[in-house]
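This report concerns only the one structure given below.
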Amino acid sequence: MTILRITGLLLLLCVSMTNAQTMPGGRALLKPDAATTMQLVGDSAEQSATSRVVDVAGQPFNKALQVEILTPVPKPWSVLLIAPLLEPVRKGDVLLLSLYARTAKSMTGESLVSVHLERNGGDWAKLLEAPVATRGDWTRIDLPGVAAFDLSNDDAQVAIHLGFGQQTVEIAGLSLTNLGPNADVNALPRTRYTYAGREPDAPWRANADARIEQHRKSDLTIRTLDADGKPVAGAKVRARLMRHAFAFGTAVNVDEILGSEPQNAQYRQTLCELFNTAVFENETKWPTLDKPDETQRVMRALDWLDGRGFRTRGHVLVWPNFEWNPDWLRPLAAEPEKLRDAVRNHVTRTAGLFRGRFYEWDVLNEPYTNQEFTQILGNPERAQWFKLARAADPNALLDINDFAILEGNALDREHIDYYEATIRELIDQGAPLDGIGFQGHFGYLLTNPDVVLATLDRFGRFGKPMKITELDINIDDPQLQADYLRDFITVCFSHPQVTGVTQWGFWARRHWRPRAALFDEAFKPRPAAIAFKDLVHRKWTTDVTLTTDAEGVVKVRGFKGDYEITRLDVPSTQREIVVLGDRGADVTLRP
Ligand code: XIL
C-alpha cells in the first residue's frame with residue numbers, strides 16, 4: 001500500500017494546489033489537460049484496449065481518462081498512454097511528476113500501471129519511473145527526482161504503461177513541473193512504497209522461523225575417542241558449517257571470474273564470501289555461445305567455480321522469442337521445420353557440451369511472454385526440449401523459469417495461471433521436468449510475504465522442488481530494499497520445497513539494474529548486503545563449541561550442509577568433514 005508522506009510546509013502547498021496545476025515557482029512541462037488528452041498507443045492498443053474521457057465528482061479535477069484493457073497483452077508497454085513535453089529538461093533540474101489514479105475494474109480489485117518520464121526512442125532512458133498501484137478509490141502519486149541527463153522536448157515523453165493484465169484504470173490530474181536546478185528535491189512530496197508484513201511483529205515471521213527450524217536443520221552427533229578407542233568425556237569440540245546445503249546463489253560474469261584486475265579479484269572474493277551457487281548472467285545464452293572461444297572461456301570459469309566448491313546452474317537452453325536468439329535464426333520463421341531442427345540441435349548440442357558441469361538447467365524461459373517459437377512450432381514442442389536436454393545431460397535437473405509469478409503482489413493473474421497450465425501441460429506430455437523456477441525481479445510492488453507463501457504452496461502442489469532463480473529488488477529506497485530482501489529470502493528458505501535463492505548479480509558495475517545490486521560501484525555494501533550477510537552468515541549459520549558428555553558425545557542441531565568438526569583441547573589435529581543432510585549425521589573424532 002502506498003503511504004503519502006507530506007511534511008509540514010508541503011501540506012500547505014498541497015492543500016492550496018489542485019493537481020493539474022503547476023507547483024509554485026515551477027514551469028509546467030505538460031499541458032493542463034494532459035491526463036485526458038494523452039494518446040493511447042502500443043503494439044496491442046488497437047486490438048486490446050479502449051479509452052474514453054469520464055466525468056468525476058468530488059475531486060480536484062472533474063474529468064479523467066479511463067482505459068480498459070480487454071484482453072491479455074504480452075508486455076506492460078504493449079498498451080501505453082503518452083504525452084509530449086512542452087519544454088526541454090536540463091541535467092540537474094528538479095522535477096515533480098504528479099497524477100491521480102484509480103482502479104475502475106480488475107479481477108483482484110487492484111490494478112497496476114507504471115509511469116515514466118523517458119526518452120521517446122533509442123535506449124528509452126528514464127528520468128523518472130515509478131509503479132502506480134491503486135484500488136477503487138482515487139490515489140495521488142507524487143514522484144520527485146533530479147534529472148540525470150538533458151532531454152530535449154522533441155525526444156521526451158511521459159509514458160504510462162498499462163499492460164499489466166486485464167484491468168480498467170482511470171488517470172487524472174497529470175502534471176510535470178520543472179522547479180529548476182536550485183529547488184530542494186527532498187522537500188517535495190513523495191509517495192512512499194512499502195509492503196504488508198514489513199512490521200517487526202508481523203505474524204508470518206514466527207511461523208517462518210518455526211518452519212526453518214523444522215526443515216532446514218538436522219541432528220549431528222559427534223563422538224570422541226582416545227588412542228585406545230575409549231570415549232573421551234569433557235573433550236572440547238567445534239562444529240562449523242562451511243557450506244549451506246541450500247543454494248544461496250548469484251549470477252556471475254565470465255570476465256570477472258577470469259580477469260586479472262584488482263576489481264576482478266575483489267569481485268571473486270565477495271562472491272566466495274557470500275554465495276555457494278552461481279549462474280552465468282549471459283554467457284551460456286545462445287547468442288553468446290555462438291561467438292568464437294566463448295565456450296572455452298565458460299569452461300575455464302566453470303573450472304574456477306568448481307575449484308571453490310560452487311555448484312553452477314545453466315541458463316538458458318530455450319528462450320523462445322527471436323529477440324533472445326542469434327540473428328541467423330530469424331529467417332527460419334518462414335521455414336518451420338528448419339527452425340524446429342535448429343532449436344532442437346541447440347538443446348542437444350549445448351546440454352551435451354556442458355554435460356555433467358551444470359547441476360541444473362533452465363530448459364524453458366518465460367513461456368508466457370515468449371511465444372514466437374511455439375506459435376510456429378506448436379506448444380507440444382516444449383516437451384521435446386526437455387526430453388532432448390535429459391538425453392544429452394542425464395544428471396542435470398531440468399527446470400522451467402518465469403517472472404511475475406512471485407513478483408508484483410500476484411496481480412498478474414493471467415501470467416500466473418498460464419505458468420501453472422504450462423507446467424501441468426509439460427507434465428502431462430511426459431516432459432522430464434524436475435524443478436519450477438521463479439525469477440523474482442521485483443520493482444516497487446513488493447509482494448506481501450503471506451502471498452509469496454501462498455503462491456509457493458500453490459505451485460508446490462506439483463510436488464517438485466522450487467527455486468528462486470533471478471532475485472533482485474530494483475527500487476531507490478535502500479532500507480526498503482534491505483527489509484524486503486531479508487523477508488523474501490526468509491519466506492523462501494522456510495518453504496520445505498524451495499531448494500535455493502539465486503540473486504541476479506551483486507555488484508552495481510555488473511548488474512542489469514545497478515541500483516538493485518547489493519554492493520555499489522565502489523564495492524561499498526548497501527543495507528541489502530548487510531541484511532543478506534546477517535541472515536545467511538549469522539542467523540542461519542551453525543558454529544558451536546561444546547564439551548562432550550560422560551559417553552564422549554555431543555549433539556548439535558545445525559543447519560544442513562558441509563561441516564568441519566575439530567577437537568580443540570588437544571595439540572594434534574583431529575578434524576573431520578561431514579555432510580549434515582536430511583537424515584542427520586554421526587561423526588567420530590579420533591587421534
Ligand atoms: C538479462 C541480463 O541480465 C542482461 O544483461 C541482458 O542484456 C538481458 O538479459 N530474465 C532472464 C535473464 O531470464 O536471462 C535476463 O537477463 C533477465 C530477465
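Details
- Shape class of the stretch 281-425 from the Cα gyration tensor (axes a ≥ b ≥ c, square roots of the eigenvalues): oblate, since a/c reaches 1.5 or more and a/b does not exceed b/c.
- Ranked by the mean number of other Cβ atoms within 10 Å of their residues, highest first, the peptides 309-317, 427-435 come out as 309-317, 427-435.
- Computed accessible area, Trp512, all protein chains, 1.4 angstrom probe, square angstrom: 110 Å²
- The Cα-based radius of gyration and maximum Cα-Cα distance (Dmax) for the stretch 43-180 are 14.9, 42 Å.
- In this structure, Asp341 and Leu225 have a Cβ-Cβ separation that, at R0 = 45 Å, corresponds to a calculated FRET efficiency of about 0.10.
- Across the chain, the mean sequence separation of Cα contacts (distance under 8 Å, 6 or more residues apart), normalised by length, yields a relative contact order of 17 percent.
- Charge sum, other residues only, whose C-beta stays under 12 Å from Ile530's C-beta, Lys/Arg counted +1 and Asp/Glu -1: +3
- Net charge dipole size for the stretch 457-591 [Lys, Arg +1 and Asp, Glu -1 on Cβ; Debye, nearest 20]: 320 debye
- Inter-site label distance for Gln263 and Arg357 at 7 Å from Cα along Cβ, in nm: 2.6 nm
- About the Cα centre, charge dipole magnitude for the stretch 189-255 (Lys/Arg +1, Asp/Glu -1 at Cβ), debye: 160 debye
- For Lys105, nonlocal amide neighbours, meaning residues 5 or more places apart or on other chains whose placed amide H falls under 5 Å from its own, are Thr168.
- Between the residues Trp304, Val73, Thr573, the greatest Cα displacement towards the positive end of the dipole of the chain, with unit charges on the Cβ of Lys, Arg, Asp and Glu, is found for Thr573.
- Percent accessible area from carbon and sulfur atoms, the chain, protein chains only, probe 1.4 Å: 50 percent
- Two-site label geometry, Asp184 and Arg52: point separation in nm, points 7 Å out along Cα→Cβ: 4.7 nm
- Seen from Asn474, the other residues with C-beta closer than 10 Å to its C-beta sum to a net charge of -1, counting Lys and Arg as +1 and Asp and Glu as -1.
- Neighbour net charge for Ala202 - beta-carbon separation under 10 angstrom, K R +1, D E -1: -2
- Simple Cβ-charge dipole of the stretch 341-428, Lys/Arg +1 and Asp/Glu -1, about Cα centre, in debye nearest 20: 580 debye
- Cα shape, the stretch 208-272, gyration tensor, a/c 1.5 rule: oblate
- Remark: relative contact order (the stretch 307-434) = 29 percent; criterion is Cα-Cα distance under 8 angstrom and separation of 6 or more residues.
- Projecting the Cα positions of Thr348, Asn365, Asn321 onto the charge dipole of the stretch 314-427 (unit charges on Cβ atoms of Lys, Arg, Asp and Glu, taken about the Cα centre) puts Thr348 furthest along the positive direction.
- For the stretch 484-591, the orientation-averaged shadow of the C-alpha convex hull comes to 9.7 nm² (one quarter of the hull surface).
- A run of the chain free of exposed loop cleavage sites, with GluC sites (Glu not before Pro) counted only in DSSP states other than H, G, I, E and B and at most 13 other beta carbons within 10 Å, reaches its longest extent at 1-520.
- Cα-Cα P(r), the stretch 257-359, percent of pairs per 5 Å interval: 2, 11, 20, 21, 16, 12, 8, 5, 3, 1
- The chain: calculated mean residue ellipticity at 222 nm from DSSP helix runs of at least 4, using -39500 (n - 2.57): -7500 deg cm²/dmol
- Average Cα contact separation per residue, the stretch 201-297, under 8 Å, 6 or more apart, as relative contact order %: 21 percent
- Using distinct alpha-carbon pairs, which all enter the 1/r mean, Kirkwood radius of the stretch 423-534 in Å: 14.8 Å
- When the inverse distances between all different Cα atoms of the stretch 437-497 are averaged and flipped, the Kirkwood radius reads 12.0 angstrom.
- Looking at the stretch 92-155, the pairs of alpha carbons with a distance over 14 Å make up 61% of the total.
- For Gly42, distant residues with modelled amide H under 5 Å away: Leu80
- Met242 - accessible surface, heavy atoms, 1.4 Å probe, Å² rounded to 10: 80 Å²
- The chain: antiparallel DSSP beta bridges as a percent of all, rounded to 5: 70 percent
- Normalising the Debye intensity of the chain to I(0), with uniform scatterers on Cα atoms only, and taking log10 at q = 0.09 Å⁻¹ returns -0.80.
The values are calculated or read from the model by the stated rules, or taken from the named source; none is laboratory data. Only a predicted model underlies this, so the values are computations on that prediction, with no experimental measurement involved. Cβ coordinates were reconstructed from backbone atoms using ideal geometry, including for glycine residues, and neighbour counts include every protein chain displayed. In case anyone asks, the SASA skips ligands and DNA or RNA and just uses the protein heavy atoms, side chains included. Shrake-Rupley method; radii C 1.70, N 1.55, O 1.52, S 1.80 Å.
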